[in-house]
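Right, one structure below, let's go through it.
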Amino acid sequence: MPEVLLAGFQLAGVGMGTVFSFLTLLVLVTSLMSSILVRWVPEQAGSDQARLPGDKIDTRRLQAIAIAVQKYRQSHRR
């Protein structure tokens, strides 16, 4: 019985070692790819803005959405 238990621990150790190695390799490769992309692809100007300057909010559409949400909340109260 102890031989079987020892073989089980060995198999578990090899399995956990394999998973740890794969995940470490995955993190390293992902970090490398990220640093390469940051170096090669320039950041677009104004990419941190939520809307573009030419975008306008349609107030009628916004009102329709607000009314629809209000009606939904009224009809689905708990």
Practice task
Would you mind computing, in nm to one decimal, how far apart the modelled labels at Q10 and R60 are, each placed 7 Å from Cα along Cα→Cβ?
Solution key: 7.8
Completion exercise
Here the Cα Rg-to-2.2 N^0.38 Å ratio for region 1-41 is 1.97
Problem - Estimated inter-spin distance, V29 and V41, nm [label 7 Å along Cα→Cβ] - result: 1.8
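Values in this text are rule-based calculations from the coordinates and carry no lab data. Please read these numbers as outputs of a predicted model, since none were measured by experiment. Cβ atoms come from the backbone with ideal geometry, glycine included; neighbour counts cover every protein chain shown.
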